[in-house]
Amino acid sequence: MRNGKAAITNEFCIDCGECIRICPHHAKKAAYDSMELMEKFEYTVALPAPALYAQVNNLEDVNILLSALVRMGFDDVYEISGAAEVISAHSREYVKNHPEQWPLISTACPSIVRLIRVRFPNLLEHLLPIMAPVDLAASLARKRAVEKTGLPSEKVGIIFISPCPAKVSAMKAPLGIDKSEVDGVLAIKEIYPRLVHEMTEIGNDTEEYAISGKIGISWGSTGGEAAGLLNENYLAADGIENVIRVLEDLEDQKFSNLEFIELNACSGGCVGGVLTVENPYVAKVKLQRLRKYMPIACNHVQLDEKDSEWTQGVEYEPVFKLGHNLKESIQLMSQVEDLCKKFPGLDCGACGAPTCKALAEDIVRGIAAQRDCVHLLREFVDKITDEISSFDKKPDGKG
């Protein structure tokens, strides 16, 4: 909190959307595109996230939902779950062939990659250097659209229907790849009313757009990506606080015999994103029902493994450093520890910082003061009051 308003320290932000989720006053809102974006292109392709299927009731055939997207104004649809099946196959091979990097950490969630980049530099070498399904889907969808229409690439709009704001940031400032092929991001909650209306009106007038099976659809909830590796030596965690604890334990080498770790910033996985409309646990059940009678996999795109790998590495971003060099950092850290001893350790947030340690770091950076802590302020006021009272008294002790 700064000057009575909620503020985001941009360099610390990993775009997890937790501030949007928990703020009772809705002070923060996600940035995403509107449906008017579609008018900028001659041909548009919708990229529905697997989590979208879990937002509607009694969905038995995904082609109904996909056809409804076309009725909404899109010219074509390309399932991200289809690209997820390709990524699953490539990830299986990569994990198998690189035991020196075990456990490999999933990079499908942009918030997790950003978290590791700023807070866990020792774990960067464990990141799975394979692009997220949405990026591969965007590339494949653009290629198919250009071949189908003959239009130049810039007149084809690839629009992702997202469950979370992290994907917006991943589009504008991608990590691991040079440029995202996604041209815009729509929020699930924004298109949901119109989508449901179109689904009720569509009847039996559907087209065959589905290109994925159980493996691809399962990416929408926690454990789905790991299950697609067909490997039992994995760990899956969701919720940003749980993820941080897992990464801390991993950094302390508390895990053994793990080959893969799937982490999702949102509780329940992508179905728990702040741009969704359904309860994440109900949504997870819906996905389980939907994939019950699906084949294991449907996408048979033949793609070289190199085509799905990162084109550049992810480097450590030392945003939490206190000093310009090691000596200065150690001195400032000592000051932080001394300040933390003065604070009550309640992490009440009344000072505007999320924790007592965060306030101490803000103080040594020069952007906060000790009196921002209400407990220290009270002690200061009591001290001043006692001093004033002593001045008011006469030498003989009488007022």
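Readers should treat all values here as calculations from the given coordinates under stated rules, not as data from a laboratory. Predicted, not measured: the structure shown is a model, and the values here were computed from it. Don't worry about glycine lacking a Cβ; one is built from the backbone with ideal geometry, like all the others, and counts go over all protein chains shown.
Some points to look at:
- Along principal axes, Cα extents of region 160-205, largest first, whole Å: 42, 20, 12
- Stokes-Einstein D in µm²/s, Kirkwood radius over Cα pairs - the chain at 25 °C with 0.890 mPa s viscosity: 105
- Long-range amide H partners of residue 104 with built H, under 5 Å: 260, 261
- D (Stokes-Einstein, µm²/s), Kirkwood Cα radius, region 1-62, 0.890 mPa s at 25 °C: 156
- Listed peptides 243-251, 210-218 by packing density, highest first (mean Cβ within 10 Å): 210-218, 243-251
- Ranked by how many other beta carbons lie within 10 Å on average, peptides 258-271, 56-69 from highest: 258-271, 56-69
- Relative packing of peptides 221-233, 89-101 - highest average C-beta neighbours within 10 Å first: 221-233, 89-101
- For the cross-link pairs 342/383; 28/172; 143/179; 321/342; 5/40, the ones whose C-alpha atoms lie over 26 Å apart are 5/40.
- Per-residue 3J(HN,Hα) values for region 172-179, derived from phi via the Karplus relation 6.51 cos²θ - 1.76 cosθ + 1.60 with θ = phi - 60°, read 7, 9, x, 10, x, 10, 6, 8 Hz in sequence order (x marks Gly and Pro).
- Tensor-based shape of region 1-129 (alpha-carbon gyration tensor, a/c under 1.5 rounded, otherwise prolate or oblate): oblate
- A Cβ-based charge dipole, computed about the Cα centre of the chain with Lys and Arg at +1 and Asp and Glu at -1, lands at about 1120 debye.
- In summary, the convex hull built on the alpha carbon positions of region 326-392 has an orientation-averaged projected area of 5.3 nm².
- Anisotropy class of region 22-96 from Cα gyration tensor, a/c 1.5 cut: oblate
- 5 angstrom amide H check on residue 161, placed H, neighbours 5+ away: 47, 49, 186
- Amide H partners (placed H, <5 Å) of residue 264, local residues excluded: 237, 238, 239
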